[in-house]
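As structure tokens, the structure follows; a few thoughts come after it.
The values are calculated or read from the model by the stated rules, or taken from the named source; none is laboratory data. The structure presented is a predicted model; accordingly, all values stated were derived computationally and were not measured. Heads up, the Cβs are rebuilt from the backbone with ideal geometry, glycines too, and the neighbour counts pull from every protein chain shown. The area values use the complete protein model at the heavy-atom level, side chains included, leaving out ligands, DNA and RNA. Shrake-Rupley method; radii C 1.70, N 1.55, O 1.52, S 1.80 Å.
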Amino acid sequence: MPERFTMTRTNQHAFDLIVVGAGSGGYAAARTARDLGANVALVDRGPLGGLCILAGCMPSKTLIATGDAAHDVREARALGVNAGEPNVDFKAVMKRKREIIKGFADYRIEGIETFPVFSGEATFASPHVLHVGDDVLIAKAFVIATGSTVAPPVFPGLEEAGYIDSDEALDREVPPRSLIVLGGGYVGCELGQFYARIGVPTTILIRSPQLLSAEDADVGEGLTRYLREEGIAIETRAQVGRVSLARDGKRVVHFVQDGVEKSVVAHEILYALGRVPNVAGLDLEAAGVRYHAIGGIETDETLRTSQPHIFAVGDVTGRFLLVHIAIQQGEIAARNAIHQTSERADYRISKTHTIFTDPQVATVGESEKELRKAGIPYLTASMPFDDHGKAISIGKTKGFVKMMAAPLDGRILGAAILGPDASDLIHEMIVAMYYGATVFDFVKIPHLHPTMAEILTYPAEDIVAQIAARRALVAVP
Ligand SMILES: Cc1cc2nc3c(=O)[nH]c(=O)nc-3n(C[C@H](O)[C@H](O)[C@H](O)COP(=O)(O)OP(=O)(O)OC[C@H]3O[C@@H](n4cnc5c(N)ncnc54)[C@H](O)[C@@H]3O)c2cc1C
């Protein structure tokens, strides 16, 4: 970008690139553009740090570690260790979480403050001019990375009865005495299991027949069964009608299940039915940027919006809502903005995702559901952890791994893991798919023994055998 804007009035500032929103996506965009030699500013209304650090990935995983530790203490009996019922010190749990998050946030803020930062709500006045309080910011290009916010409640009576969202569930003084979770996506599952594991009677209400309705049925059904087995009540196919407040202050959720009217009562409701993009107040009309209130800002694969010098990345685009994708998009958008190129985001591998329940869920590539929908032929094989030596030895036998591959050449098309440490195990499959590996390649990769990772060789071997049998059939005269 050869030409640079210069400062003209005291409250008017000019940059090569202005990034609106200093979360994961925006920060990645700003760093990338600066590394390319651009003059970059960040705008954020605060608090600084971004969702992942302040109220998303990091606080939730910090708390989940406590839930898992409590569970392991209970389960230790199976390994011959009699520790009794764990006594969770909730104040200490939250103190630990706050200290850890403060450390992460301080470090990130230090990084953010190496840029010129304008604090306040950003509002476009025109496609090249942004207002932040009294400051008028002008840029050749913009990246909008304003993230998402909890979706507004949709059920009659919920607002009046009162509820908590994920922000509040992650930062409480005392645990709820009992909890109803509305929603069976990853936030509902992770936080519902955390509270259940520290001793809060928990009910999850979902409309679909299984948790994680977007995943393959075997994954969602498996998780539903395991969470039920550890005492979480899960009401499936529940059509929530309304919410009311009982005389004793408890919340009542009224729902219809298989044509029968029912209700469930608890002290607190966690509303976990998704997030919507943060577009309010940006005046995207003035910028000429097309967006939808629920679907987010429209972009093409180069992350350009309908206004070619304005890019959008991360949750505000309404698509993936994952940190590693916000970062990937931020980096690509910055390169495209500064070099005026058209590098495209490729989500084939990066749409990999994980859910930090126990057992965890992790997938890469296409699911069976997606392959069937696209009419892509595939072979599949799976292996349960309760048939795997290392898993049996360490007492972590819940779940399975499965692999999908092309019937002709064995190219790996996707994999899913429901099981212990799935979020780490999946990386072997991510690397394999990144390099376009086939199941024939995969079975040649050495695997240490006895390890959890070697379980992945079994479905690969199975598919190799399936392909060999098909080839033998074809070869028969
Ligand atoms: C409970 C929970 C757990 C999660 N766990 C995971 C996980 O394990 N793994 C994972 O990959 N993802 C997880 N996510 C999702 C992940 O946190 C988000 O996808 C990611 O943080 C989005 O980054 P972003 O840069 O798009 O937005 P954000 O990080 O939200 O940044 C947006 C920034 O824009 C600023 N802003 C907004 N509007 C304006 C405005 N008008 N003017 C100025 N500034 C503005 C905000 O202050 C904020 O700093 C989780 C989310 C939640 C809620």
Inside the stretch 120-146, the number of residues satisfying the requirement of being touching a residue at least 24 places away in the same chain (Cβ under 8 Å) and either β-branched (V, I, T) or surrounded by 22 or more Cβ atoms within 10 Å (Cβ to Cβ) (or both) is 15
How about the stretch 242-292: which of its residues are within 16 Å of the ligand (Cβ to nearest atom), under 25 Å from the mean Cα position of the chain (by Cα) and open to solvent by 70 Å² or more (accessible area, probe 1.4 Å)? L273, A280, Y291
Of the residues that make up the stretch 67-85, is at least one over 22 Å from H339 (Cβ atoms) and within 16 Å of the ligand (Cβ to nearest atom)? yes
Within the stretch 391-427, track down each residue that is in a helix (DSSP H, G or I), buried (at least 17 other Cβ atoms within 10 Å of the Cβ) and not small (G, A, S). L425, I426
Filtering the stretch 74-86 down to residues that are open to solvent by 50 Å² or more (accessible area, probe 1.4 Å) and within 30 Å of the chain's Cα centre (by Cα) yields R74, E75
Any residue in the stretch 71-91 that is under 30 Å from E168 (Cα atoms) and of a type in the set (G, A, S)? no
Per the filter on the stretch 187-206, residues in contact with a Gly (Cβ under 7 Å, 6 or more places away or on another chain) and farther than 15 Å from D68 by Cβ are T202, I204, I206
What tally of residues in the stretch 194-220 results from selecting those that are aliphatic (A, V, I, L, M), more than 17 Å from the chain's Cα centre (by Cα) and assigned to a loop (DSSP other than H, G, I, E, B)? 3
Hits in the stretch 40-54 (condition: near the ligand (Cβ under 6 Å from one of its atoms), crowded, with 19+ Cβ neighbours inside 10 Å and at negative phi): V43, D44, L51, C52
Give the residue, chosen from I198, I232, that is at pLDDT 95 or above, of a type in the set (A, V, I, L, M, F, W, C) and open to solvent by less than 20 Å² (accessible area, probe 1.4 Å). I232
Please go through (1) within 11 Å of the ligand (Cβ to nearest atom); (2) without any contact (Cβ under 8 Å) to a residue 40 or more places away in the chain for D300 and return the number of the only condition it doesn't satisfy. (1)
Of the conditions (1) surrounded by 19 or more Cβ atoms within 10 Å (Cβ to Cβ); (2) in a helix (DSSP H, G or I), E370 clears all except one; give me its number. (1)
Please specify each residue of the stretch 245-262 satisfying the condition of being part of a strand (DSSP E or B) and farther than 11 Å from I180 by Cα. L245, H254, F255, V256, Q257, V260, E261, K262
